[in-house]
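Each value in this text was obtained by applying a stated rule to the coordinates, not by laboratory testing. Bear in mind the structure is a predicted one, so any value in this text is a computation, not a measurement. Cβ coordinates were reconstructed from backbone atoms using ideal geometry, including for glycine residues, and neighbour counts include every protein chain displayed.
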Amino acid sequence: MKSVTPTELRSNLENLLDEVLKTGMPLEIDRGGKRLRIVPVETTNKLENLVYRPNAIIGDPDELVDISWEQEVNLDLP
């Protein structure tokens, strides 16, 4: 959980609120030893934040055992 001071909150309020809405993670404000939290009311679907990885292997992980990597990796170390 991200924690900020009231001064940081004041100077960057819009960006911090956008971050809370985007990530769904609460923002903690530390004011004189006491803590406050800004939390989104609606829950967010964290899967919507996943980044598309076109080179990711999609399939059965057991099939990875039979893949030959000799053409991909050069193991000749100096």
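Here are some notes:
- Distance between modelled label sites at Ala56 and Val41, nm, 7 Å Cα→Cβ extension: 3.3
- Of the peptides 39-52, 17-30, the order by per-residue mean of other Cβ atoms within 10 Å, starting with the highest, comes out as 17-30, 39-52.
- Under 17 Å of direct C-alpha separation, and excluding same-chain neighbours fewer than eight residues apart, Lys46 reaches these aspartates and glutamates: Asp18, Glu19.
- Close amide H partners of Lys2, meaning residues 5 or more places away or on another chain with modelled amide H under 5 Å apart, are Glu28.
- Couplings 3J(HN,Hα) for the stretch 4-20, derived from phi with the Karplus relation 6.51 cos²θ - 1.76 cosθ + 1.60 (θ = phi - 60°), are 9, 8, x, 5, 5, 4, 4, 6, 9, 4, 4, 5, 5, 5, 4, 5, 4 Hz, where x marks Gly and Pro.
- For the stretch 44-53, putting each phi into the Karplus relation 6.51 cos²θ - 1.76 cosθ + 1.60 with θ = phi - 60° gives couplings of 9, 8, 5, 5, 5, 8, 5, 9, 5, 10 Hz, in residue order, rounded to whole numbers and with x for Gly and Pro.
- Range of Cα positions in the chain per principal axis (Å), largest first: 59, 38, 20
- Debye-sum result for the stretch 1-42 in log10 I(q)/I(0), which assumes one identical scatterer on each alpha carbon, at q = 0.19, 0.23, 0.31 Å⁻¹: -0.50, -0.71, -1.14
- Rounded to whole Hz, the Karplus (6.51, -1.76, 1.60) HN-Hα couplings of the stretch 58-65, x for glycine and proline: 10, x, 7, x, 5, 6, 5, 5
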